[in-house]
Structure formats: C-alpha cells, structure tokens
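Below is one structure, written out as structure tokens; comments come after it.
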Amino acid sequence: MLVFLAAGAVAAWRWRSVFDPVTITAAIDRYPAAPLGFLAIHIAASLLFIPRTLLAIVAGLLFGIGWGIFWAELGSVIGAVSGFLVARYVNSGLFDLDRGARIGPILDRVERGGWRAVAVLRLIPVMPHSLANYGLGLTRLSLGAYAFGSLVGQLPMTVAYADLGAAGQRLMIGSAAWLEPTLIGLAALSLSLLIPAYSRWRAR
C-alpha cells in the first residue's frame, strides 16, 4: 500500500497540470451534486472489489479533510451495507460457508462477537473490503450490528487515507500546510494497525 501511495504521489506531481486541485475544487463548487456522484461511485466500487482506501484518498483530494472524511466514511458504510444485503438476499448458493474451511470459522466468531467483532475485522488491513461485505452477509448478524461495527471499524483507516489525500492536495498547490494532515493520517493508520494486533494478543 505504501508503494502504491508513493507511486500515486509521483504520478500526481508529474501530471499536476491535469489534476489541478484548484480546478477540481472549482468544478465541485459549480456542481453541488458532486458528492452524490462520489457516493454512487463508492458504492459501485465496494461491489466490484475496488479498495476503499483508494476512494478515501480521492475523497481527501477532492473535498479536503473534514468533508473528505465525511463523504468517504458515508460511502464506505453504504457500500458495505450494499454488499451485505446483496449477499444475504441475492445469493443463490454462489457462496457456501459449509464448504469454506478457512472463512467459515472466522465468520462464526464474528457472528458471535456482534458489532465489536465486525469493527475489529474492519481494522485488519489485509482483509478485502468487498470480500468481508459479502462474507458477513451470509451470517446471522443483524443489519444494525453490522452497519455500526463497520462505521466504527472503518473510521481510523478512512481518517488516515482521507488526510493523506488532503495532504497531497495541499502539496500540489504549493501550500505549506500539508504536514499536519500527513501526521494525522499516519497516526490514524498506525492506530488501525495496532488495534487488530492488540486484539490478537488478547485472544492468545
């Protein structure tokens, strides 16, 4: 992920005239419905296995820190709920937990743990967002517990990547205020890595 972030930063700097944040921000100001378009893309991305971290970076780049976090988190939760409902009500035997020797026990533990287990699962950086959505939709978790656990668990990484995206925006326009969101983003990213590690240590 860090390699992709570095490559994205280099590409954004190389083609900064195309991805001019000032022009993009002015376009968003002209079209108040732009956040709704972002949400629609985020939901589709969640169903198509596109990493939500990429969408959070884009949200920070387009909308800044505060609104970037808000729209990225809202899109992430709605996308998670969409995948959950698709798996629960549209699945026609495509996924069979009884045959999943590895994923079945994990989902059983999450089901017993409720929203707290969902939140911890969301913090695991190597767990694909879309795969978790579809897998958890096959459990007996309530929609409320799933949505709340996703909201809580996804927040640290959303804050981290939206802040890094906002820092990239400020860096591209030559602002000196890029350091603060970078540090906040790195702190949130560290938190999202430490909590699952602590949970595994407690479990052992």
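The numbers here are math on the coordinates, done by the rules we state, and not lab data. Computed from a predicted model, the values in this text were never measured in an experiment. All Cβ positions, glycine included, derive from the backbone under ideal geometry; neighbour counts span all protein chains shown.
For Phe70 and Arg116, the difference between the fully extended length at 0.36 nm per residue and the C-alpha to C-alpha distance is 14.4 nm.
Taking label positions 7 Å along the Cα-Cβ direction at both Leu191 and Leu48, the computed distance is 3.2 nm, reported to one decimal.
Please give the FRET efficiency for Ile41 paired with Arg109, using the beta carbon to beta carbon distance and R0 = 30 Å, rounded to the nearest 0.05.
Efficiency computed from Cβ-Cβ geometry: 0.40.
Per-residue extension of 0.36 nm, minus the Cα-Cα distance of Leu143 and Ala33, leaves a gain of 36.8 nm for this segment. Sorted on the mean count of surrounding Cβ atoms within 10 Å across their residues, most packed first, peptides 45-52, 56-63, 31-38 read 56-63, 45-52, 31-38.
Stretched out straight at 0.36 nm per residue, the stretch from Val152 to Val86 would grow longer than its current Cα-Cα span by 21.6 nm.
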